[in-house]
Structure formats: structure tokens, C-alpha cells
Amino acid sequence: MKMHKFQPESLMMSYGYRPEWSEGAIKCPIFQTSTFVFKTAEEGKAFFEVAYGLREQGEKEKLGLIYSRLNNPDLEILENRLTLWDGAEDCAVFESGMSAITTAMFEFLKPGDLLLHSGPIYGGTGHFITHVLSKFGISAVEFTPGMNFEEVVELVEKTGKGANLGMVFIESPANPTNALFDISMCKRLADHFATPEHQPMVAVDNTYMGPLWQHPLKHGADLVLYSATKYIGGHSDVIAGACLGSSVLMQRVKALRTFLGNMAGPWTGWLLLRSLETLKIRMQKQAKNAQKVALWLQSHPKIERVLYLGLLTPEDGDEFLLYKKQCSSPGAMISFEVRGGEAEAFAFLNNLHLVKLAVSLGSTESLAQHPASMTHAGMDPEEKLKLGINPNLVRLSVGVEHAKDLIYDLGQALEKVGSTNPERAFL
């Protein structure tokens, strides 16, 4: 009889954990401990040899636990389960999305290297690239939506550092414009500038799509990164990040994580294990709501433009084809421009009741914010305008509420735009 292959959403309940390990507890307990006891000194020596890369793990060798900065049962089970969605060999979980991104960049970039990245990107990532990596002698160049392979090659060559390209880093869809970037083209770019001695990495921040709607590793990426705070956590109660890829690459990432000390703790791991059990049904509901909301926004007279993948049609040409190639859903992130400017966008935001005015995304509750003055406040004003982060742009993360209630709340807030003495009420 052919072995049945279970789907990830089924394996989220038990994969990587056996109740007999913990007195029969059906759910993995919280291993709130800093250190673990060795059976023998020889066992402790063997564990450390592998942990510090002094030798390779034996084919039948089972590694034990040492210290929660290196490994912890909650984190190991979580990392095992996260690999299932993306089809990755291994995963490393961090205390935040930024710690996952910065650790990966520090591990695979060195002084003199060039970082090629998409634009726009999350403001925190942009700040790190501009103000931190530059202190270590790592330069960066940005490419924008719609640029083809030849144009990006020329952009890199103009820097004079094509031979030093260390990483291609993209967000796709981009935060906050939902612009798409071709992952397979990025792999071609990395291969184009590769040498026998060096292969540039392709890293994709997949936070906007979560583990469900896009799988960058299948399109040529070496690393996929998440702010696990978002869809993976999904309840606005935990900060975490994740990096996934091959076993060889993740061994390097985990080694640096050990010495930077930015590994997630057991409480974080336990909370994310809980959230993974409902990840698919949450994300499906959010996407279903978002499609209804986006269609409604598109027809509203006070909305100038809606940026949502679900509104793409074959008439959008290459962008539509790329969306169909890379994504299995349009997701639950909508950006839209309120007619007017910052004042009109603020009037809308200040009069929301059910939808909360807050940053972050991917949670059960719907959240709206103003990218130009909030998440992307640190960007150069001209750069913001060039990339479409305009003063009237609002970013909406759609939650699991009833779609009719969300549409009602957005509608009543839009009614206040342009009115005198708007009053704000709270639920």
C-alpha cells in the first residue's frame, strides 16, 4: 500500500513531537529551562563537537540538548513544522523578523560586498541596509518594479562591484505597494554574477504572503525570511522571525545565531506552535475578506487607487503572469489612496472604529496605518514618492472579522473625509 502523504495543515497538530516524551501531554509543554543535563561527560563532549562545527554529525547519531541559546524542544519542534509549508530542509527561529534578516545578511555578506535589493522594502530593513551595513563596508543598490533582467544587470555593472555581488534581497509583494518581483529572475541575476569561488545568495522576505500563499524556495531562492509576528503568530501577542533554506545554509545561520544570542525563547516557540494549528484557516478567511473589501474600495468615489493583487487581470500583462506564477492567492494586504493628501488619509484613519489604527499585519484583527509617516517614515521623501509611497496612501491588513462589518467601518470612516469637525467614536 502506498504511503499516504499528509498535508502541512494536518501535520501542524503533532509533527515532531511524541506525547510519551512529556508524560503523555497531547501538546508540547513549555520547556522553560536554560540548560539541560548530560547523561555522561562523553555525551556532552559529542554534543558540543557538532554544535561548534568541530565535526559532522554521524549518520545515525542523535543529538541531544545543551543550552537554550543553542537548542530547546519548543524551538526545535517549531522549526521542524515550519519547514513543511515551504518545503525547506531546515529552519531557524529568531526573536524578531529583523533579527532573522540581519543575521542572514551578516552571515552571507562581508566588507566590500554589494547588496542588490528591491524597492520599496520594509522601513526597518531599509534603515539597516543604509545605516548599519554601510558601517561594515557593504554597499547597496536598489532595483524597482518592472525592471527587466538586462536593466538590472546594467544597474549592477554601473556600480563597478558586479564581481562582489553578495546577495539579492527582495520583498515580493513589496511593503506597502504590493509590487511584485520575479524570484526566478533574481536567481538568474545571482547566477550571472557568480564566480567559481562565490555564489551570491537570493533571499526573499515572504512576510506579506506568509507560508501559505507563496513558496520562494521553489522559484530559486536560497533563503526565505519571515516576520513570524505576522501570519505565523497571527494574534498580535508575540514577536518572532524565521529563516528557512537548505541544511548547509541554515547550519551557518544557526551558528551565527548562537553567538549573536538572538534565538527565540521557549515561550515564543510554544505560542507559535499554537498558532500554526490554525494558520491555514485564518489566512484563508483573511484572503476571502480582503477580496471583498478590495472590490468595494475600488468602486468608492473617495478612493483614488487600490493596490491589491486580486484586482490584477490579464490586461495587466507581465505583472498578472508573474502573480499567477508565484502566488496561490492574492493575500490579505491592501493598500489604497484616499482622494486628497495626508490630511484626508489621516481623517479616514482617525475615524475608524472596528479597524484599529496600528502598524504590523497578518493578525486576526484588521489594522490600518499610514506608511509614509509611520513604517516608512525614515525613507528619503523623494524616494518615497518615486516608489509610490504617497501622502494619501493607506495600508490595510485584513483580519478575520465579518466582511460586511469591515466594509461598514471603512465606509463610515470615508464619509468623514472632507467633512467639518469629524468626531471619532470607539468600540
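Please treat every number below as a calculation from the coordinates, not as lab data. All values derive from a computational prediction rather than experimental measurement. Heads up, the Cβs are rebuilt from the backbone with ideal geometry, glycines too, and the neighbour counts pull from every protein chain shown.
A few comments on the model shown:
- Efficiency of FRET between Phe259 and Gln199 - r from beta-carbon atoms, R0 22 angstrom, step 0.05: 0.40
- Hz values of 3J(HN,Hα) by residue in the stretch 230-240 - Karplus curve (6.51, -1.76, 1.60), Gly and Pro given as x: 7, 4, 4, x, x, 10, 6, 10, 8, 10, 6
- With bins 5 Å wide beginning at 0, the percent of Cα pairs of the stretch 185-333 falling in each bin runs 2, 8, 14, 16, 18, 15, 12, 8, 5, 2, 1, 0.
- Against the chain, whose longest principal axis is taken from its Cα atoms, helix 149-158 shows a tilt of about 80°.
- Given Lys218/Lys404; Lys280/Lys386; Lys230/Lys324, the pairs whose alpha carbons are separated by over 27 Å: Lys218/Lys404; Lys280/Lys386
- The mean of 1/r over all distinct Cα pairs in the stretch 79-159, once inverted, gives the Kirkwood hydrodynamic radius of 14.5 Å.
- Charge dipole magnitude, Cβ of K and R +1, D and E -1 - the stretch 311-424, Cα centre, debye nearest 20: 200 debye
- A full extension of the chain between Gln251 and Lys404 corresponds to an added length of 50.4 nm, given 0.36 nm per residue minus the alpha carbon distance.
- Net length available on complete extension from Lys110 to Asn350 is 81.9 nm, with 0.36 nm assigned per residue and the Cα-Cα distance removed.
- Magnitude of the charge dipole for the stretch 201-259, about its Cα centre and with charges confined to Cβ atoms of Lys, Arg (+1) and Asp, Glu (-1), is about 160 debye.
- Between the helical axis of 97-108 and the longest alpha-carbon principal axis of the chain there is an angle of about 60 degrees.
- The stretch 279-416 - Debye-derived log10 I(q)/I(0), Cα point model, q = 0.09, 0.12, 0.15, 0.22 Å⁻¹: -0.26, -0.46, -0.73, -1.43
- Eigenvalues of the alpha-carbon gyration tensor of the chain, scaled by 5 and square-rooted, set the equivalent ellipsoid semi-axes at 38, 28, 19 angstrom, largest first.
- Placing +1 on the Cβ of every Lys and Arg and -1 on the Cβ of every Asp and Glu, with no other charges, gives the chain a dipole of roughly 820 debye about its Cα centre.
- Computed E for Glu43/Phe136 - FRET, C-beta separation, R0 41 angstrom, nearest 0.05: 0.60
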